[in-house]
1. Quantify how strongly other chains surround peptide A:48-59 by giving the mean number of their Cβ atoms within 10 Å of each of its Cβ atoms.
2. Compute the relative contact order of the range A:1-153 as a whole-number percentage, counting only Cα pairs closer than 8 Å that sit 6 or more residues apart in sequence.
3. Which one of C:G314, C:L436, C:Q366 has its Cα pushed farthest toward the positive end of the charge dipole of the range C:293-438, where Lys and Arg give +1 and Asp and Glu give -1 at the Cβ?
4. Amide H of A:F294 versus every other amide H placed in the peptide plane: which residues, excluding those fewer than 5 positions away on the same chain, fall under 5 Å?
5. About the Cα centre of the range C:168-268, how large is the charge dipole given +1 on each Lys and Arg Cβ and -1 on each Asp and Glu Cβ? Please answer in debye to the nearest 20.
6. Quick check on my link table: of A:K86/A:K164; B:K86/B:K164; B:K122/B:K340; C:K91/C:K125; A:K266/A:K426, which ones sit more than 21 Å apart, alpha carbon to alpha carbon?
7. Got a sec to turn the phi values of the range B:136-151 into Karplus ³J(HN,Hα) couplings, 6.51 cos²θ - 1.76 cosθ + 1.60 with θ = phi - 60°, whole Hz, x for Gly and Pro?
8. Given Cα pairs under 8 Å that are at least 6 residues apart, what percent is the relative contact order of the range A:75-164?
Amino acid sequence: MHNWTQFNHQGILASAGEDAYALIERLYPLCRSITGAGTRQTLDIIGQQIELDRSEVPTGTKVFDWIVPKEWTIRDAYIISPQGEKICNFKEHNLHITGYSTPVNETLNKEELLPHLHSLPKYPKWIPYTYNYHSEDWGFSISDEQLHSLPEGDYKVVIDSDLKHGHLSYGEHLIPGHSEQEFLIYSHICHPSLCNDNLSGIAVATELAKFLKNSAPLNYSYRFVFAPTTIGSITWLSKNQDKLANIKAGLVIAVAGDAGQLTYKKSRNDDSYINNLAISALETREMPFGIEEFTPFGYDERQFCSPGIDLPIGRLTRTPNGCYPEYHTSADDLNLVKPKYLADTMDACLDIIELFENNQTFRNTQPFGEPHLGRHGLYKKAGAYNIQNNTFAILWVLNQTDGTKSLLDIAQRSKLAYSEILNASKALYDVNLLELID
Amino acid sequence: MHNWTQFNHQGILASAGEDAYALIERLYPLCRSITGAGTRQTLDIIGQQIELDRSEVPTGTKVFDWIVPKEWTIRDAYIISPQGEKICNFKEHNLHITGYSTPVNETLNKEELLPHLHSLPKYPKWIPYTYNYHSEDWGFSISDEQLHSLPEGDYKVVIDSDLKHGHLSYGEHLIPGHSEQEFLIYSHICHPSLCNDNLSGIAVATELAKFLKNSAPLNYSYRFVFAPTTIGSITWLSKNQDKLANIKAGLVIAVAGDAGQLTYKKSRNDDSYINNLAISALETREMPFGIEEFTPFGYDERQFCSPGIDLPIGRLTRTPNGCYPEYHTSADDLNLVKPKYLADTMDACLDIIELFENNQTFRNTQPFGEPHLGRHGLYKKAGAYNIQNNTFAILWVLNQTDGTKSLLDIAQRSKLAYSEILNASKALYDVNLLELID
Amino acid sequence: MHNWTQFNHQGILASAGEDAYALIERLYPLCRSITGAGTRQTLDIIGQQIELDRSEVPTGTKVFDWIVPKEWTIRDAYIISPQGEKICNFKEHNLHITGYSTPVNETLNKEELLPHLHSLPKYPKWIPYTYNYHSEDWGFSISDEQLHSLPEGDYKVVIDSDLKHGHLSYGEHLIPGHSEQEFLIYSHICHPSLCNDNLSGIAVATELAKFLKNSAPLNYSYRFVFAPTTIGSITWLSKNQDKLANIKAGLVIAVAGDAGQLTYKKSRNDDSYINNLAISALETREMPFGIEEFTPFGYDERQFCSPGIDLPIGRLTRTPNGCYPEYHTSADDLNLVKPKYLADTMDACLDIIELFENNQTFRNTQPFGEPHLGRHGLYKKAGAYNIQNNTFAILWVLNQTDGTKSLLDIAQRSKLAYSEILNASKALYDVNLLELID
């Protein structure tokens, strides 16, 4: 018997939004990077919500064109000003330290120090997020206001870090469904204390996983990957090449908690399945949303949509990365994200997934002429004036189920609501006028 | 030698319209249904105009998902009012009886009677057309005005009918042409005293058959089917599955005599041959006409366009079914249809058929460079200023006849009138610069 | 090592325009026709600029559907008026004689003479260009002004010509490149003293050949054909059928020296390679230009785009044939064409050819995820705020080089300038991240 998936998620959305926000609050203080303790602690905390299959890939491992980098440990970092004030204190805000900074313990004059300090003149009170994975160097982020108030004199710089052979960490959660074909959800976990980018994506994905786990039976399988951006998805892809053929659609979820409207970014192939699914589901919600054309910049969709991988994986955000002023600054904090926006992103994901679950292809078992609907109990009233409300949908489904069109295709051709096509299909399936094409 | 079909039909249209109207006048009084004597008498009268190959399919025959129903005989039906007045008298207007009503002979009070009476509040003077093929029951149609004047009291109800094992009747007329490939014309014959729907379609099809019979030689064969709607086309399709591969194009003709503009309803596949033919021919007439997208509701195009059949068969009407107020009421009478509109529908059909006859695919026999038109007698004058009028059409035909494009394709690419392309093709064929691809 | 072609042609354009104009001045006085001494002398003069491979095809040779005509020799032609004045003097202007006129030496009265005289009432001072290849006859062209001043009386008509077995002449110049695949440039040489049509095309093609000869190494080969229109291209095609498969793109160049904007006429197949190349290159020039849809009328594109040949060859003109008043008249003289317009046409041709040279298809050698740009020296700065200017182009090229898309395809998809895509491709090729698909 066919499973028609119907999520009853309206009732749980408010509490799921609160739970997601609570998870963000727990994760916010940790100093994450592409490797290291903060990332591992982040996976520990996610793992308290949903069972995680953890991987640790050693430094030096070749993953496609990349090599897993050394693991970065940061214990403390600060500068003592000429007046003896402790500034750029890592323990006050982890954005003060440039990611992957090498250890330092020396005294510099202001002129020597300045090239190592990064600020944002446009937003003088905010600390920018900086990192440097490409050379061995060190740096601090500082508000532009404070930068301009620094006196001449000697500065003592302390960075208690090391960059050693270690591991890159990621975690996965698989919810098996009737089919081995998968929907992949990917969230990056490498950013330090930044709430929207991307604790929001992590929290929405975690809540989605909890919800789907409780929604069995599912027609398809769902895989959640929590890993650092770029090197994380490259590593995961490199280690899981045998699984890629099963991925029918997927989403990178990020920047999921701000007040902006939802934005779907298309996958590389303009007519990919995920593009049709996501845009159709978002249209059905009858709320404004944006569509971005594919570009090879952004988050991990860059890797999923590289030419040798080329998966039907799009990206769902609210305001896209780089399009809100707080992006990659200390202002991306617990005030920028709200439970209701997290809940709204989760709602949209569930709409996309519910469409994915049910958008199967059926074949009309009586394709020669129309079936005798009356005999099948589907046409009860007499006379042309009494056509039943859903008879139009029934006739469209019967007419189009030639084995090449999914229910979404039929909704698009008939210009009827997908829900009407779905209901008609259920009625027809119940009387064996439709059969599923596997 | 290739046959270029050219109908000289302008001269005969007026008299064909009159003949069609006269046929409607003869058929109007008969009480047709999907089976029974009225339908058989209708085929008798058509058979006096064109030779009909008649079929009688027994009740109980399985036709695809359907079963041929019992045959319905109606001899008399009326109600005696409390004042002794005979109302809803079948012999005064056969729309008074609901099609397929079971026999009755009993007395009911007004309250018991009312559920069996059907009226049209929006048009209080008109009797609606009602039928009930889906359950064994009875009913009468009555004007809303009269319905509201009925007094309390006892009503004697008489329906002298029976529903017995019998046959479903249909008739066919085939005009063979050079090719076994066919153009199908289908008209439904199951409606009682309703002129536009569909005595008009029957009459136009009959006149078309008479005209084509006299227009030999024809390149293609033409099959006319006169049968009840839905169960009739399903039965015909079920009995003629071996003939379907020969059908290259076709039309359901109905609602062909009112004052509205012509409306072409597309077949299921948007780029089907009949869609291109019909729309191109209607455009050439330079009179306003409508185009309807395919939907799986309407007349017998539903069956011809079911997924297992999927033939290139569209529908030609004037005002579409359901879009004029008199539709399925006693007001669809001899005043609604006019000879000139019947003639106009027939003219449009002949334009479509003439295009079909000639729209063949030729191959340029000298495809390497242009042929030397002068040597073939096709380029007579000297100098660039003296290019012949039809030289543009000749050059387009030569350029495009690579064996993949029909004459209509060439007209569409060149933006020249189809008639110019046709004339150029005749000239080129005459000097063996074109050969027909069969 | 891959050759990236880059023409440094801006510096030489002015002198190339002057050289082209000087060539036109030398060729202008000659009386060309589709055969004969004038055509042969024209090839001699071109041959002094670029080495020509000459062909002489005998009268009577079958070339596809055509037969090479007799060779026409014209030595003198004039009329002595009743007043003894020598008019329509061939030695004053070779347009006075209708091409292919048979010899005459007789005296006619005005009424007998008039059918042999051709004038242009719309431009009463100009002599029209007339010819008659289709029947053996004679004629003169005359200004309309002079025609209307002719008195009654006897006219002595002298045409010292003959029409004898001879040859059709054409010349070719091939510049070999790395690949045997060719770009074809065709210019017709059969028009008498008409500068824009087509001494301008001949001169631009000659200058192009000189320039390309000095631009080795070239990725592709370039073939220049100088031959009469229609019968010339048909003859060349007929004699070179084994070479056609190598032609990847090409242009008919004509009417190349007037003040009008450039006009590209598309080849037969709307999505042909030359159409994409030429339109893209012309767009990049940021000067207004016209696009004409393909029609089977015009110059030798008619033959290259006949259905049996069907090559990706378009046409480049300035004001198209027939669209300027001086077309095919004595006013198409040395004043109508200017060095700067000849130079501009040549510049456009070089833009098209440079695009052709470089628009190859590469394959990303690290297609699984993005390559690690830093490791390859292509991503130098840290942090999202410091993305290099050309990183967008680099990422687009890497993303799209799946082996099915040329550099031009990538520019079109990314909406980046072709030059940026080209530069990014060079950078990627240099570090072996791209390989050429041959």
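1. 0
2. Details: 170 pairs, mean separation 24.7, N = 153.
In percent, rounded to a whole number, it is 16.
3. In the range C:293-438, that residue is C:Q366.
4. A:K266
5. Its charge dipole is roughly 200 debye.
6. Flagged as over cut-off: A:K86/A:K164; B:K86/B:K164; B:K122/B:K340; A:K266/A:K426.
7. Along the range B:136-151, the couplings run 8, 7, 9, x, 10, 9, 8, 5, 5, 4, 5, 4, 6, 9, 5, x Hz.
8. Reported as a whole number, the value is 43 percent.
None of the figures in this text is laboratory data; all of them are computed from the coordinates on show. Everything numeric here is computed off the predicted structure, so don't read it as measured data. Note that we place each Cβ from the backbone using ideal geometry, even for glycine, and neighbour counts take in every protein chain shown.
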